[in-house]
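The values are calculated or read from the model by the stated rules, or taken from the named source; none is laboratory data. This one's a predicted model, so the numbers in the text were calculated from it and none came from an experiment. Here Cβ is always computed from backbone atoms with ideal geometry, including for glycine, and neighbour counts include all displayed protein chains. Calculation scope for accessible area: heavy atoms of the full protein, side chains included, ligands and nucleic acids excluded. Shrake-Rupley method; radii C 1.70, N 1.55, O 1.52, S 1.80 Å.
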Amino acid sequence: MMRYSEEEFLREILSIASVNGVDSERNVAVFIRDFLQECGVQAVLQEIDGKRANVAAVLAGKTEEKIIWNGHLDTVPYGKLSEWETDPAVPVKKNGCYYVRGASDMKGGLAAMAWALGYMKMKNRVPKQTIVFCGTCDEEKGGTGAAVLSESGVLDHASFLMIGEPTGLRPGVAQKGCIWLKLRIHGKTGHGAYPEEGINAVHYGIRIFQELKEAVEKDRHELLGTSTVQITGIKGGIAPNMTPDEAELTLDIRVIPGMTCQTVLGLAEDIICKYEEQTDGGLRAEAYAENDRPAIEISETHPWVRKLDRELEFRELSREHVGINYFTDASILIRQVPELPVLLFGPGNPEAAHKPNEYLEIKKYLEYIRILLQLF
């Protein structure tokens, strides 16, 4: 007899606060580990520090083929409490939903995967493939948990990775990558009344940004649209009446499949070289990446995608394939196994993620569990 029903298990996980950088994400990992062990599943913690740990579990299948289920343990901060209608740390059930931070992103998917794994073991239902469940910490910031998991070899020889990120029960077949690019510009100072005698580092930084934006955003993806480039930080200036000789720009670049960090850096270097030549070497600039999360895409004809499509059709649910603009742990998990097919699929509502009054529809959560049990 399982200690928790599907909904009781969800409520327990939603009740464990795990705001990244504030609360102990390890507490969620411990709860899931203890539940799975009680069900008879092999489950262990992967310790990282006092507040962070991953949880990993294995359910042996009829074959040695290995597939991965993944979800993250942490949430983003609550934001302005005045914009919440309920306490963001306490799950409140109303109108067929649970309202609490992390409900959609992504404790709904996380809880469903863990519960389904425990249920299969308790009912002696042996999956065709061996299922490895991984709950990772620190997804919302640095991806520490995913990096440790990737380097541990857990994903080696896996044939498929499914992440329960919020997609509203629609197959997420493409995900944008993310590059945080720094541009450092070195010009020449001078009197503000004689701008022609200086080399304005801020002006040239803006020019480089504008040309890079145009080059990166040229191509379009059917589901993801174009890549995007925006300035998210800028420093420069000495005094109101002096030409700035130093500038630093931070760019947030979201790339579609086919556009890599190397591609972006190459485009930036070409633009920089052009302006350095125009100023006879008076201008110097460099570009470097502080973050590189590659874009991910799975073929819409991949066997697991087709299998999911058939299951959704049987249940009279939408089979619309969607793209995800934000990055997930997938971009870190595949570093050691870049050929691993990745599908994003979860019960949460992506429009509710990171916002006040975040919620999860209980009906979709329960439907997601049934889909997991049927697919695997």
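Which members of region 325-355 meet the condition of being open to solvent by 50 Å² or more (accessible area, probe 1.4 Å) and assigned to a loop (DSSP other than H, G, I, E, B)? Reasoning before the result, please.
Residues of region 325-355 open to solvent by 50 Å² or more (accessible area, probe 1.4 Å): 325-326, 335-336, 338-339, 351, 354-355.
Result: 325, 326, 335, 336, 338, 339, 354, 355.
Restricting the search to region 145-175, which residues are polar (S, T, N, Q) and surrounded by fewer than 20 Cβ atoms within 10 Å (Cβ to Cβ)?
Applying the first criterion (polar (S, T, N, Q)) to region 145-175 yields 150, 152, 159, 167, 175.
Correct list: 152, 159.
Every residue, every condition in (1) closer than 17 Å to residue 280 by Cβ; (2) surrounded by fewer than 18 Cβ atoms within 10 Å (Cβ to Cβ); (3) in contact with a helix residue (DSSP H, G or I) (Cβ under 9 Å, 6 or more places away or on another chain), yes or no:
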residue: 193; (1), (2), (3): no, yes, no
residue: 196; (1), (2), (3): yes, yes, no
residue: 219; (1), (2), (3): no, yes, no
residue: 229; (1), (2), (3): no, no, yes
ask   = Within region 323-344, is even one residue in contact with a helix residue (DSSP H, G or I) (Cβ under 7 Å, 6 or more places away or on another chain), in contact (Cβ under 8 Å) with a residue 60 or more places away in the chain and of a type in the set (Ser, Thr, Tyr)?
value = no
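Could you check region 91-119 and list, in sequence order, the residues that are of a type in the set (A, V, I, L, M) and crowded, with 20+ Cβ neighbours inside 10 Å? Steps first, please.
From region 91-119, those of a type in the set (A, V, I, L, M) are 92, 100, 103, 106, 110-114, 116-117; that's our starting set.
Selection gives 100, 103, 106, 110, 111, 112, 113, 114, 116, 117.
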message = Name the residue that is farthest from residue 59 (Cα to Cα), counting only residues in region 85-138 that are acidic (Asp, Glu) and more than 22 Å from the chain's Cα centre (by Cα).
response = 85
key: Selection count where residues are surrounded by 15 or more Cβ atoms within 10 Å (Cβ to Cβ), touching a strand residue (DSSP E or B) at 6+ places or on another chain (Cβ under 8 Å) and touching a residue at least 40 places away in the same chain (Cβ under 8 Å), scope region 266-279   = 3
query = Name the residues in region 1-47 that are open to solvent by less than 60 Å² (accessible area, probe 1.4 Å), in contact with a Ser or Thr (Cβ under 8 Å, 6 or more places away or on another chain) and among the polar types (S, T, N, Q), would you?
reply = 18, 20, 24, 46
query = Would a scan of region 258-273 turn up a residue that is farther than 23 Å from residue 162 by Cα, touching a Pro at 6+ places or on another chain (Cβ under 8 Å) and either not aromatic (Phe, Trp, Tyr) or not in a strand (DSSP E or B) (or both)?
reply = yes
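Going by the conditions given, is residue 224 in contact (Cβ under 8 Å) with a residue 60 or more places away in the chain and open to solvent by less than 30 Å² (accessible area, probe 1.4 Å)? Write out each step before concluding.
Details: in contact (Cβ under 8 Å) with a residue 60 or more places away in the chain: yes; open to solvent by less than 30 Å² (accessible area, probe 1.4 Å): yes.
The answer is yes for residue 224.
Residue 141: over 25 Å from residue 61 (Cβ atoms) and either open to solvent by less than 10 Å² (accessible area, probe 1.4 Å) or under 25 Å from the mean Cα position of the chain (by Cα) (or both), yes or no?
yes
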query = Looking only at region 303-322, which residues are touching a residue at least 60 places away in the same chain (Cβ under 8 Å) and either in contact with a helix residue (DSSP H, G or I) (Cβ under 9 Å, 6 or more places away or on another chain) or under 26 Å from residue 178 (Cα atoms) (or both)?
reply = 304, 305, 307, 308, 311, 312, 317, 318, 319, 320, 321, 322
message = Need the failing condition index for residue 50 against (1) touching a Pro at 6+ places or on another chain (Cβ under 8 Å); (2) surrounded by fewer than 21 Cβ atoms within 10 Å (Cβ to Cβ), just the number.
response = (1)
request  = Could you list, in sequence order, all residues of region 280-324 that are open to solvent by less than 30 Å² (accessible area, probe 1.4 Å), part of a strand (DSSP E or B) and either at pLDDT 95 or above or touching a Ser or Thr at 6+ places or on another chain (Cβ under 9 Å) (or both)?
outcome  = 285, 287, 293, 296, 322, 323, 324
